[in-house]
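Undergrad: Structure incoming, see below.
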Amino acid sequence: YSLQDQFDNLEKHTQWGIDVLEKYIKFVKERTEIELSYAKQLRNLSKKYQPKKNSKEEEEYRYTSTRAFLATLNEMNDYAGQHEVISENMTSLITAELTRYVQELKQERKSHFHDGRKAQQHIETCWKQLEASKRRFERDCKEADRAQQYFEKMDADINVTKADVEKARQQAQLRHQMAEDSKAEYSSTLQKFNSEQHEHYYTHIPNIFQKIQEMEERRIVRIGESMKTFAEVDRQVIPIIGKCLDEITKAAESVDHKNDSQMVIEAFKSGFEPPGDVDFEDFTQPMKRTVSESSLSNSRGDGKSEPKFGSKSKGKLWPFIKKNKLMSLLTSPHQPPPPPPASASPSAVPNGPQSPKQQKEPLSHRFNEFMTSKPKIHCFRSLKRGGAGPEDFSNLPPEQRRKKLQQKVDELNRDIQKEMDSRDALTKMKDVYIKNPQMGDAASVDHRLAELGQNIEKLRLEVQKFEGWLAEVEGRLPARSEQSRRQSGVYEAQNASGVNSCAQDRESPDGSYTEEQSQETEMKVPATDFDDEFDDEEPLPTIGTCKALYTFEGQNEGTISVAEGEMLYVIEEDKGDGWTRIRRNEDEEGYVPTSYVEVYLDKNAKGA
């Protein structure tokens, strides 16, 4: 009632309320889009860092730290799902509901203000009728007054006929009657207007305003409830998000550094034992160097047997240096090269010893070469060309080989179990067919049962083969308590064919090729066994050419004789010991003093 004269202002205010509601709907809609975008980005992030299946990266997730990271990625995926739930709930409970409510609100508002305008038009019409009746009453009163004055004037004039006076009297009476009628009509219209006006201001308009007020209050309550729902939607997922965070914390607490370290040890331990001590080599006496079993050189003469590569008990090698380096250490002469013939050095005798100062360089060079070499295990040509390794994993160190063999045995046993389950199922099916021929032909499964039997037999033979290799490896591994054993390596190949297929690159860290203690008492094997051992190894590539400046008589083992002016191929540069490895043809290669030749290296040889 207090706003009965503020109809237009109320209309503007209610429109503003609808605009506010639509603005809030837009806000919530944009919030849902942000939640969806955030959830999508979280899912993409989690997917990006998931390990790829059947890849090396997947194997790395066996450690507790990486498993915890994987659990974090999975929980982040669930975390993203909760933000999707927020978006879905806000869309269904707020955006959709408010959008529908706004449409209803607009229709209701339109109806109320239509009724208000209709009431205003009605009261305005009544007012116009009252004004018309009033003007008509006023006009009739004036006309009646003029007619009365005219009658009185005619009646007082003696010159006017009686008929004219009577006519003026009748006219005056008529006008007076008309004024009375107008008065009655005006009075009736006034009463009616007052009644309509009272009804308008005290009944119709208040009712309309009351409906508008209720509508506006419902709008205000609705937007408040929507804001409350906005908070509740977030609050509902907080426990689940908290659970995700708790799982991440739990995964983080499960990280066990000791266990991870042990897994690294188990994964990479080779089963080899450290090498023995390096013996002191005395270069002060001009006598033939005495070489111990674990020294940097390997005795190849003085009646001692050569390495027996074809024998069952083979020399144990340190598996860290490439074979080319091993062969160079095996064949490189372990004394300094002679100076050129024109040199005035007192030790100009070919192959003669030099001063101790010059002797120390090869030792330090070879030791540094061991210290800087990377622990890689190389295979022969089959692996270098990308082929698969040997079936018995003989290219691996003992411990790694044992693990691979054990994994293969377990895998074969699982395959056998699957085949046996299939056979049992087919056997039961056959029994059902025999008892109920209408369900199927029992003979139809015989062929499949025979295939399964053959597969099982093949798999069992494979298991026996790998178990034999496994037993052989486990029997060869050194006992953990044997601290007194000081071998430079314990990895022995199983047979000559295994070495030929994929021989292991092995060398002791001090550059020596060590053999077992019983080597010297065993029968000497022909040199052809050594050649057969490395038949599959590709020859060293040539890295340049050289020209012999002087004639050199290669008297020591590992050297090669050259004539002055002869052109040869260089296959290994001077490593700092004064010797260069050269090749005359496929079968003749060896070392010559670097000062005796002029070397022409290819430009891209070192890069290759």
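Undergrad: Across region 161-174, what is the total count of residues that are buried (at least 18 other Cβ atoms within 10 Å of the Cβ) and of a type outside the set (A, V, I, L, M)? Outline the logic, then answer.
TA: First pass over region 161-174, keeping only residues buried (at least 18 other Cβ atoms within 10 Å of the Cβ): 168, 171-172.
Okay, now just the ones that are also of a type outside the set (A, V, I, L, M), so 171.
Number satisfying all stated conditions: 1.
Undergrad: Looking for something more than 30 Å from residue 216 (Cβ to Cβ), part of a helix (DSSP H, G or I) and open to solvent by less than 60 Å² (accessible area, probe 1.4 Å) - is there at least one such residue anywhere in region 151-160? I'd like the intermediate steps shown before the answer.
TA: Within region 151-160, the subset more than 30 Å from residue 216 (Cβ to Cβ) is 151-160.
Cutting the leftovers down to part of a helix (DSSP H, G or I) gives us 151-156.
Imposing the further condition that a residue be open to solvent by less than 60 Å² (accessible area, probe 1.4 Å) reduces the set to 151, 154.
Yes, the conditions are met somewhere in region 151-160.
Undergrad: Now for a separate question. Quick check on residue 252: is it open to solvent by less than 90 Å² (accessible area, probe 1.4 Å), farther than 19 Å from residue 74 by Cβ, part of a helix (DSSP H, G or I) and not assigned by the TED database to the domain that holds residue 398?
TA: Answer is no for this residue.
Undergrad: Let me ask something additional. Which of the residues that make up region 161-170 are part of a helix (DSSP H, G or I) and polar (S, T, N, Q)? Break it down stepwise before answering.
TA: Going through region 161-170, the residues part of a helix (DSSP H, G or I) turn out to be 162-170.
170, the sole residue that qualifies.
Undergrad: Answer yes if at least one residue in region 127-148 is of a type outside the set (A, V, I, L, M), closer than 30 Å to residue 237 by Cα and in a helix (DSSP H, G or I), and no otherwise.
TA: Initially, region 127-148 is screened for residues of a type outside the set (A, V, I, L, M), giving 127-129, 131, 133-143, 145-146, 148.
Now restrict to residues that are closer than 30 Å to residue 237 by Cα: none.
No, the conditions are met nowhere in region 127-148.
Undergrad: So which residues in region 579-604 are assigned to a loop (DSSP other than H, G, I, E, B) and out of contact with any strand residue (DSSP E or B) (no Cβ under 6 Å at 6 or more places or on another chain), if there are any at all? Walk me through it before giving the result.
TA: We begin by selecting, within region 579-604, every residue assigned to a loop (DSSP other than H, G, I, E, B); these are 584-588, 602-604.
Listed by number, the residues that qualify are 585, 586, 587, 588, 603, 604.
Undergrad: Continuing with this model, one more query. Out of all the residues in region 33-40, is one or more surrounded by 13 or more Cβ atoms within 10 Å (Cβ to Cβ), under 14 Å from the mean Cα position of the chain (by Cα) and either touching a residue at least 40 places away in the same chain (Cβ under 8 Å) or farther than 20 Å from residue 251 by Cα (or both)?
TA: no
Undergrad: When residues of region 175-211 are filtered for being touching a residue at least 12 places away in the same chain (Cβ under 8 Å) and surrounded by 14 or more Cβ atoms within 10 Å (Cβ to Cβ), how many remain?
TA: Selection size over region 175-211: 22.
Undergrad: Turning to a different aspect of this structure: Starting from region 248-266, take each residue that is within 30 Å of residue 397 (Cα to Cα) and list its partners that are assigned to a loop (DSSP other than H, G, I, E, B) and modelled with pLDDT of 90 or more, counting only C-beta distances under 6 angstrom and pairs at least six apart or across chains.
TA: The qualifying pairs do not exist here.
Undergrad: Tell me which residues, restricted to region 417-459, are open to solvent by less than 60 Å² (accessible area, probe 1.4 Å) and not in a helix (DSSP H, G or I).
TA: 436, 440
The values are calculated or read from the model by the stated rules, or taken from the named source; none is laboratory data. Fair warning: this is a prediction, and the values are worked out from it, not measured in the lab. Methodologically, a virtual Cβ is constructed for each residue, glycine included, from the backbone with ideal geometry; neighbour enumeration extends over all protein chains shown. When the accessible area is computed, the model is the full protein with side chains, heavy atoms only, and any ligands, DNA or RNA have been set aside. Shrake-Rupley method; radii C 1.70, N 1.55, O 1.52, S 1.80 Å.
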